[in-house]
Amino acid sequence: MQSMEVISVNIWQILISLCNLLLLFLILKKFLFSPVKKMLQKRQNEIDGQYSEAAEAKQEADSNKAFWEEKLGNAETQAQEILSSAAAKADVRAQQIVSEAEGRADGIVRQAKAAAELEKKKAEAEIKKEIIDVSAVLTEKMLGREISDDDHKKLFASFLEGIGGSDDSN
Amino acid sequence: MKIKSVKFLAVDILLMILAVAPMLFGIALKILTNPASGGIEIAGARIYFTLKLPIQDLPITESQINSWLVIFSVFWLCIYFTHGISEKPQTKRQLIAEWIIETTEKLVKGNMGEYFSGFAPFVAAILAISAFSSLLTLIGLYPPTSDINIVAGWAILVFILITYYKMKCGPVHYLKSFGDPVPFLAPLNVISEVATPVSMAFRHYGNILSGTVISVLIAAALQGLSNMVLGWLPGVLGEIPFLQIGIPAVLSIYFDVFSGCLQAFIFAMLTMLYISSGFPAEDYKKRKNKKIKSEVN
């Protein structure tokens, strides 16, 4: 079989080789570069989408956070208000209760004092009567006779005068 | 990772077979048509048949056939790489495909700028066809890159591209550029313009061919040396060229693998540099702005 010379130029072979390179270029472009680049583009899009989704979610979370923080702050001030108003109310009420109690106590004391006075007076009157009775018995015994009512009264009056007590009411 | 369906695997295997088949075909063709030859032989590509064409007859040679085989292989490899491609990588080969594309695009953008980013597939094609053609020697086939016609075709295509981009500002601007920096240097500029594709073609072709020639010469020399030094061994032992073991393999790593890949890379680099440096970007921008302005007016 024949061989080419080591160096031999052939126009048609050159042309064929040129076309071969063009052909390989087209093959690589069509079957390797474009599918891979399409896929890379898709992947890029997917990644971008995920990033934007994440950013959106973050934004939403941030706004939610701000909202809830505001709410929390409001709630704190509200609680403070409620507490202070409750405290004020309680103060007023306590004041009321104390003053009422004081009034009542005063009344009770006054009543008690009045009752004591009455008792005292009663007791005094009784004691007077007792004394009169006893003194009547004693004088009777001492005199050896019965004393009449008149005597009795006289005697008693003088006696009382001697003690300096107040008027009897019988 | 998902367990791939039987159909997917079947298509995979089919694609791999299709990618390897051209190489096997080439080897078979070589074995069938190549008569066993002894001794040193440095010749061009084997001619299978000749087509009668005007101007010059077209001999269909090994280099033609082999470059078509390379194209077939690369085509099926592309299909294989992009088979089952998805946004979430499920196959290792998808990562390889992405790596190839990202690397070539980075290379092209780095060397040629953003304007030429569409050149990535072209540069990848140059790298692929040149490297694979040179690497065909590894399986014993004739490397098309050691045929001047093949490489000249690529160089001429690159030259056409260079000239096309130089003419982007119009033919007048292109012709004026020859009178740069002083008009009487124009002949030299014309020569340097023509020298570009010639030097590219000869550099690539010469490197690969010289590698083959040196390999053959050294193999022959080693055989002679082996006969001389170990010829006293009795019987068959004396005829075995022991010195041919090992040394040609090391040389093959340099001349076939390293030199082949390096020349492919150099060819691609030169393509990128010539095209991007030949393109008068500044003038083109001015011209474009002027056009836009005149259209507005």
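Out of B:31, B:65, B:27, report the one residue that is more than 7 Å from chain A (Cβ to nearest Cβ) and crowded, with 18+ Cβ neighbours inside 10 Å. Walk me through how you get there before you give the answer.
Values: B:31 fails: crowded, with 18+ Cβ neighbours inside 10 Å; B:27 fails: crowded, with 18+ Cβ neighbours inside 10 Å.
Among B:31, B:65, B:27, only B:65 is more than 7 Å from chain A (Cβ to nearest Cβ) and crowded, with 18+ Cβ neighbours inside 10 Å.
Of the residues B:102, B:98, which single one is surrounded by fewer than 18 Cβ atoms within 10 Å (Cβ to Cβ), at the interface with chain A (Cβ under 10 Å from one of its Cβ atoms) and within 28 Å of residue B:259 (Cα to Cα)?
B:102
Among the residues of the stretch B:81-123, which ones are of a type in the set (Ser, Thr, Tyr) and at pLDDT 90 or above? Matches in the stretch B:81-123: B:103, B:104. In the stretch A:118-131, the residues that are under 19 Å from residue A:159 (Cβ atoms) and free of Cβ contacts under 8 Å to residues at least 60 places away in the same chain never reach a residue that is of a type outside the set (Asp, Glu) and assigned to a helix (DSSP H, G or I) with C-beta atoms less than 7 angstrom apart, at least six apart or across chains. Contact annotation: residue pairs with Cβ atoms under 9 Å, 6 or more positions apart or on different chains, pairing a residue in the stretch B:210-234 that is at negative phi and in contact (Cβ under 8 Å) with a residue 12 or more places away in the chain with a partner that is surrounded by fewer than 15 Cβ atoms within 10 Å (Cβ to Cβ) and among the hydroxyl-bearing types (Ser, Thr, Tyr), are B:211/B:254.
Within the stretch B:113-158, the residues that satisfy the criterion of being outside any helix (DSSP H, G or I) and either at negative phi or free of Cβ contacts under 8 Å to residues at least 12 places away in the same chain (or both) are B:141, B:142, B:143, B:147.
Per this entry, residue A:85 is not counted among residues that are surrounded by 11 or more Cβ atoms within 10 Å (Cβ to Cβ) and more than 7 Å from every other protein chain (Cβ to nearest Cβ).
Output the number of residues of the stretch A:30-70 satisfying the condition of being within 30 Å of residue B:83 (Cα to Cα), more than 8 Å from chain B (Cβ to nearest Cβ) and of a type outside the set (Ser, Thr, Tyr).
9
Just one of (1) at the interface with another protein chain (Cβ under 10 Å from one of its Cβ atoms); (2) not in a helix (DSSP H, G or I) fails for residue B:84. It is (1).
The values are calculated or read from the model by the stated rules, or taken from the named source; none is laboratory data. Remember, predicted model here, so these are calculated numbers, not experimental data. Glycine gets a Cβ as well: all are built from the backbone with ideal geometry, and neighbour counts include every protein chain shown.
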